[in-house]
Amino acid sequence: MIDLDSQQVSRKLAQDAMAQAIYQLPEQISQGWQVSLPDLSGIAKPQNLVICGMGGSAIGGDLVRVIAADSATVPIIVSRDYNLPAFVGENSLVIASSYSGNTAETLTAFQAAKERGANLIAISSNGKILELAQGWQVPFIQIPSGLQPRAALGYSLFSLLRIVTELGLVTVTTDQVEAVVRLLQGLRAEFRPESPVDKNGAKVVALALEGLIPLIYGSEPYLGPVAFRWKTQINENAKAVVFNNVFPELDHNEINAWTGQPALSRKIGVVLLRDEGESPEMRKRIDVTRKLIEEDVGAIIEVHSRGGSTLERILSLVYLGDYTSLYLATLFEVDPTPVEIIERLKKELA
């Protein structure tokens, strides 16, 4: 059995690229927010905003959408596809976010947006996306390279937030961003490998999920994408099967599955993402759901957001999930950084 508090684990993670990227998230956020913006004066206020991306580059768009839920002045759509929604046209703003700059789906959608006359912005570290943006003379932001896309969330999310704030589509302030950075720096001290299990919430969750299939439950309107981020981080970092769902929708279907095959249900560990922003109706729904299923599952763990603003609370749970995925990778004795089967898939498709 792996001892997460051992010096051997701490030394190994001190040299691990993904562990270092997770550790640096607060600094990434600062740099992403302070990015040098292109000239946006030629972009009129759009009727809709479509953020195109895949995988680790798309999650920033998902989080922008929910962070902006209370202040967005236009609809925000995240498109994970080769194709754009039919409504995209001259009155749309399409932001292509591809960390590598060579994501096939995003490139195809970006070119289609150009053909439809949409306003365009690109965010990437390099690649064909930046070449197209430069050739078309449309605004672009170049973020630092050398990371896995999922490990560049601070850059991709906060450069997106900076753009939509500058365009007047969303309200996010520098004070709010600085508060997020301070909060995550404090959480980092708790979650880092040198922090023992009895004081480390991420290690506690990872150990509770060991030997089980994780199922992450978030809630509308803010935590659905956070549950999905937990899923994808565990998929890629821990190389493990994991699922996610969202309240209240899951109470209209999935809850009915727990009593049908008890031997299978007890192989699942449920993580409930909780937030002080839950409405009274949502809070009661989650509490009742837990009561109804807790005897049928292998484990059930509640984790609570921290911080005051919506932005802080969302990012606090994202950060906990990132560290949890790192400790699950350690328990499963896998390297969290490479994604070999994804690279093989891309080669086959190419």
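The values are calculated or read from the model by the stated rules, or taken from the named source; none is laboratory data. It should be emphasised that the depicted structure is a prediction, and the values quoted were computed from it without experimental measurement. Because the Cβ atoms are built from the backbone with ideal geometry, glycine has one as well, and the counts that use them run over all protein chains shown.
Results for (1) under 19 Å from Gly224 (Cα atoms); (2) in the same structural domain as Leu215 (by TED's automatic domain parsing); (3) in a strand (DSSP E or B), shown as yes or no for each residue.
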{"position": "Gly260", "(1), (2), (3)": "no, yes, no"}
{"position": "Leu264", "(1), (2), (3)": "no, yes, no"}
{"position": "Val270", "(1), (2), (3)": "yes, yes, yes"}
{"position": "Leu273", "(1), (2), (3)": "yes, yes, yes"}
{"position": "Glu278", "(1), (2), (3)": "yes, yes, no"}
{"position": "Arg285", "(1), (2), (3)": "yes, yes, no"}
{"position": "Lys291", "(1), (2), (3)": "no, yes, no"}
{"position": "Glu295", "(1), (2), (3)": "no, yes, no"}
{"position": "Glu302", "(1), (2), (3)": "yes, yes, yes"}
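Taken together, Leu13, Leu84, Leu25 contain a single residue that is more than 30 Å from Val334 (Cα to Cα) and either at pLDDT 95 or above or touching a Pro at 6+ places or on another chain (Cβ under 7 Å) (or both), which is Leu84. Here Ala68 passes the criteria (1) at pLDDT 95 or above; (2) under 14 Å from Leu161 (Cα atoms); (3) surrounded by 15 or more Cβ atoms within 10 Å (Cβ to Cβ) except the one numbered (1).
Checking each residue in the range 214-249 for being touching a strand residue (DSSP E or B) at 6+ places or on another chain (Cβ under 9 Å), free of Cβ contacts under 8 Å to residues at least 60 places away in the same chain and surrounded by fewer than 19 Cβ atoms within 10 Å (Cβ to Cβ) picks out Val241, Phe243, Pro248.
Restricting attention to the range 42-49, does a residue exist that is over 24 Å from Arg229 (Cα atoms), among the aliphatic types (A, V, I, L, M) and surrounded by fewer than 18 Cβ atoms within 10 Å (Cβ to Cβ)? Yes, the range 42-49 has at least one match. Whenever a residue of the range 135-155 is of a type in the set (D, E, K, R), its partners that are assigned to a helix (DSSP H, G or I) and modelled with pLDDT under 95, lying with C-beta atoms within less than 6 angstrom and at least six residues away or across chains, give the pairs Arg150/Gly56. The residues of the range 79-88 that are exposed (fewer than 15 other Cβ atoms within 10 Å of the Cβ) and small (Gly, Ala, Ser) amount to a single one, Ala86. One residue stands out in the range 158-173 among those that are of a type outside the set (A, V, I, L, M, F, W, C) and touching a Gly at 6+ places or on another chain (Cβ under 8 Å): the one that is nearest to Gln31 (Cα to Cα), namely Ser159. It is to be established whether one or more residues within the range 222-231 are assigned to a helix (DSSP H, G or I) and closer than 30 Å to Gly42 by Cα. Scanning the range 222-231 turns up no residue that is assigned to a helix (DSSP H, G or I) and closer than 30 Å to Gly42 by Cα.
Across the range 18-60, the number of residues qualifying as without any contact (Cβ under 8 Å) to a residue 24 or more places away in the chain and basic (Lys, Arg) comes to 0.
Being crowded, with 18+ Cβ neighbours inside 10 Å and either farther than 17 Å from Asp39 by Cβ or without any contact (Cβ under 8 Å) to a residue 24 or more places away in the chain (or both) narrows it down to one residue among Val164, Val177; which is it?
Criteria check complete, one pass: Val177.
Taking the condition of a type in the set (Val, Ile, Thr), in contact with a helix residue (DSSP H, G or I) (Cβ under 8 Å, 6 or more places away or on another chain) and more than 22 Å from Gly101 (Cα to Cα), does Ile67 pass? In short, yes.
All of (1) within 20 Å of the chain's Cα centre (by Cα); (2) without any contact (Cβ under 8 Å) to a residue 60 or more places away in the chain; (3) under 24 Å from Pro336 (Cβ atoms) hold for Leu184 with one exception: (2).
The set of residues from the range 128-183 being part of a helix (DSSP H, G or I), small (Gly, Ala, Ser) and in the same structural domain as Gln31 (by TED's automatic domain parsing) comprises Ala133, Gly135, Ala151, Ala152, Gly154, Ser156, Ser159. Which pairs turn up if I take residues in the range 319-339 that are assigned by TED's automatic domain parsing to the domain that holds Ala189 and look for partners that are among the aromatic types (Phe, Trp, Tyr) with beta carbon separation below 6 Å, at least 6 apart in sequence or on another chain? That search, which allows pairs on different chains as well, returns Gly321/Trp230; Tyr323/Phe191.
Residue count for the range 38-89 under the criterion of being touching a strand residue (DSSP E or B) at 6+ places or on another chain (Cβ under 8 Å), in a helix (DSSP H, G or I) and farther than 27 Å from Val339 by Cβ: the result is 1. Scanning the range 90-101 for residues that are surrounded by 15 or more Cβ atoms within 10 Å (Cβ to Cβ) and in a loop (DSSP other than H, G, I, E, B) returns Asn91, Ser98, Tyr99, Ser100, Gly101. Against the numbered list (1) among the hydrophobic types (A, V, I, L, M, F, W, C); (2) out of contact with any strand residue (DSSP E or B) (no Cβ under 8 Å at 6 or more places or on another chain); (3) free of Cβ contacts under 8 Å to residues at least 60 places away in the same chain, Ala104 comes up short only at (3).
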